[in-house]
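A.B. asks: Pasting a structure below so you can have a look.
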Amino acid sequence: MFFAALLLLSACRPQTIGPTHHSGTLQGGLLVGALTYDGPTDRYLANLEDDDVEVRAPRSNRNGNLRLALTPIETPASADHGSCITWNGPTTSLNQPGVVLRARITPNATKAILISQNVWMHARNILNVHLVDSTLKQPLEQIGGFNMTSALGALFTPEPLPWRICAQVKGRELAIKAWSTASTFDAPDWQDTRYVRRLELPPDAPTSGLPGIYVGHLSPGEEAQLSDLETEHLAHTDGNLRWEQSRQWAASLLDLTMASAPTSAPTAAQIDQFSHVVMDGGAKGAAQWASLISSSRQRAAQDVYRQFLDAEPPQREAISVGQSESVAASVFAPLRLPHEQWVALLYQRALHREPAPTELAWWTGQLRRGYPRELAVRHVFRSSESQRVQVHQAMQEVAARSPTSQETDYFSALFVQLGYDPPRLRARMHVEINAV
């Protein structure tokens with residue numbers, strides 16, 4: 001598998017999060033990633049109930065430098081989104097609330113844009129912005145800091161709690177908003193400069209991921225008092241359009257590379273992880289591809305990947321000889337399949353059969369006349385035959401049997417409604433089959 005599966009949802013009590021248990025789903029549906037650790041045993045206990053978040057440090061903890069990103073498991077990844085949390089204290093310690101945007105959480109690493117309340121000298125009316133990569137020796141890189149006195153009050157005369165902290169990201173623009181809900185009952189407008197600050201993100205900032213919240217610096221036995229967690233998907237933005245296109249492209253690619261092994265169908269998490277690479281783009285993203293696939297399928301997957309890059313105009317632009325001549329020359333050009341072999345591979349992966357002679361001749365002729373390969377992939381993968389193949393494969397995985405003719409018709413139509421997304425089809429099928 002490309003990535004370790006998400007940890008199972010705890011059904012009885014909040015899970016502990018520490019060096020040996022740093023990423024997974026928690027009771028109430030939180031995906032958690034550690035930004036920094038503090039010693040071999042320190043951990044937090046976390047729980048989400050309705051929109052209220054409980055994060056507590058056991059009394060057995062020895063330090064207070066553990067930092068966590070927490071995202072609701074039901075919130076989908078995207079490029080442009082927002083997140084809000086209300087902080088209810090306490091003010092007498094170093095407990096640090098905040099929000100994360102474009103968080104990418106895997107079992108071994110967490111990356112995110114972090115907006116957090118300053119705790120140095122207890123100047124909590126300052127909000128800091130960091131890029132975080134837990135794999136680096138110095139995980140936090142500060143890229144901004146804002147004095148929010150006009151919204152939260154001065155150092156010695158702060159506005160009363162609760163305080164609400166929100167942030168939105170759209171393209172490379174980051175907007176931060178904060179206010180006292182005790183003093184300002186209605187949420188300020190995003191254009192109100194008394195409460196809002198803006199920052200242009202650097203080019204190496206994450207381009208996609210999950211929205212969520214941040215908790216750090218809890219002392220042993222301390223609990224962060226957080227409520228009204230809210231995430232928002234920003235509709236109709238260029239970034240989210242690119243994200244949906246990247247995700248569809250990544251799903252098709254992973255289906256191609258994994259279709260020969262039905263038990264290894266791509267998961268939603270795998271599609272998201274590769275979609276992040278596509279969003280980041282360029283030769284750098286292409287080079288990272290090899291690290292995202294198992295060694296047993298590396299050569300086959302890379303071959304198909306290169307064919308997609310050869311056919312997809314945006315990717316041809318992103319991975320140009322001008323950007324990385326050595327990568328373009330050594331990775332992509334030598335392995336371009338002839339049209340006949342490419343069509344045969346497409347049918348094997350998408351339909352689990354060889355193309356008929358008439359099909360091979362027709363598609364080869366279309367490609368020779370300049371028909372884009374990306375459109376050929378879309379046509380075959382969205383055909384009625386491919387829909388039946390996907391439904392059959394999903395039913396085998398979900399119920400260990402073949403679908404009936406009525407089920408095939410029903411789930412084929414549902415597959416189209418779900419945007420030709422195999423992981424979403426399996427998830428819906430699992431719910432509906434088990435509900436019968």
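Readers should treat all values here as calculations from the given coordinates under stated rules, not as data from a laboratory. Here the structure is a predicted model, which is why all the values come from computation and not from measurement. Virtual Cβ from ideal backbone geometry, glycine too; neighbours counted across all protein chains shown.
A.B. asks: If each of MET121 and ASN63 carries a label point 7 Å out from its Cα toward its Cβ, how far apart are those two points in nm?
C.D. replies: About 2.5 nm, to one decimal.
A.B. asks: What FRET efficiency, computed as 1/(1 + (r/R0)^6) with R0 = 45 Å and r the Cβ-Cβ distance, is obtained for SER183 and LYS137, rounded to the nearest 0.05?
C.D. replies: 0.60
A.B. asks: Can you check what the net charge comes to around ALA178, using other residues whose Cβ is under 11 Å from the Cβ of ALA178 (Lys, Arg +1; Asp, Glu -1)?
C.D. replies: Charge balance near ALA178 sits at +4.
A.B. asks: Next question. With r defined as the distance between the Cβ atoms of GLU230 and THR41 and R0 fixed at 30 Å, what FRET efficiency is calculated, to the nearest 0.05?
C.D. replies: 0.35
A.B. asks: Which ordering of ARG62, ARG369, ARG349 is given by a fewest-first count of other beta-carbon atoms within 10 Å?
C.D. replies: ARG369, ARG62, ARG349
A.B. asks: Now for a different question. If you add up the charges near ILE143, with Lys and Arg at +1 and Asp and Glu at -1, over every other residue whose beta carbon is less than 12 angstrom from its beta carbon, what do you get?
C.D. replies: Taking every other residue near ILE143 into account, the sum is -2.
A.B. asks: A further question follows. If each residue's Cβ is checked for other Cβ atoms within 10 Å, how do ARG242, ARG401 rank with the fewest at the top?
C.D. replies: ARG401, ARG242
A.B. asks: Quick one: LEU101, LEU414, LEU229, fewest Cβ neighbours within 10 Å first, how do they rank?
C.D. replies: LEU414, LEU229, LEU101
A.B. asks: Using a Förster distance of 41 angstrom, determine the FRET efficiency expected from the C-beta separation of SER150 and HIS430, and round it to 0.05.
C.D. replies: Rounded to the nearest 0.05, the efficiency is 0.25.
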